1. Return the pair list, or none, for Cβ contacts closer than 9 Å from residues in the stretch 1-28 that are hydrophobic (A, V, I, L, M, F, W, C) to residues that are at pLDDT 95 or above and not in a helix (DSSP H, G or I), at least 6 apart or on different chains.
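The values are calculated or read from the model by the stated rules, or taken from the named source; none is laboratory data. Since this is a predicted model, take the numbers as computed values, not measurements. When we count neighbours, we look across all protein chains shown, and the Cβ atoms used for this are built from the backbone with ideal geometry, even at glycine.
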Amino acid sequence: MALQMYLEGLGFRAVGRLLRISFGTVYQWVKKWGEEVELPVKEDPDSHRVKVMGEDKKSACQYILFRSLEKLQ
């Protein structure tokens, strides 16, 4: 639940307040999940480099969560 709240845009402190846990705990959970997940990549046709989808890691995590929830439906 904490991860989903974070990916929906709440900060570590807001999630912690709502769940009545330390924001540090929320941070550790999100960090651990981020290290375990393989971020999707796509090739840039103009250059032969590989880019992580999304502008930052949070965007990429939101994409992964969205795709995972989409598969469950």
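1. Ala2/Ile21; Val15/Ile21
Okay, residues lined up against (1) at pLDDT 80 or above; (2) surrounded by 13 or more Cβ atoms within 10 Å (Cβ to Cβ); (3) in a loop (DSSP other than H, G, I, E, B); (4) touching a Gly at 6+ places or on another chain (Cβ under 9 Å):
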| position | (1), (2), (3), (4) |
| --- | --- |
| Val26 | yes, yes, no, yes |
| Trp29 | yes, yes, no, no |
| Asp46 | no, no, yes, no |
| Ser68 | no, no, no, no |
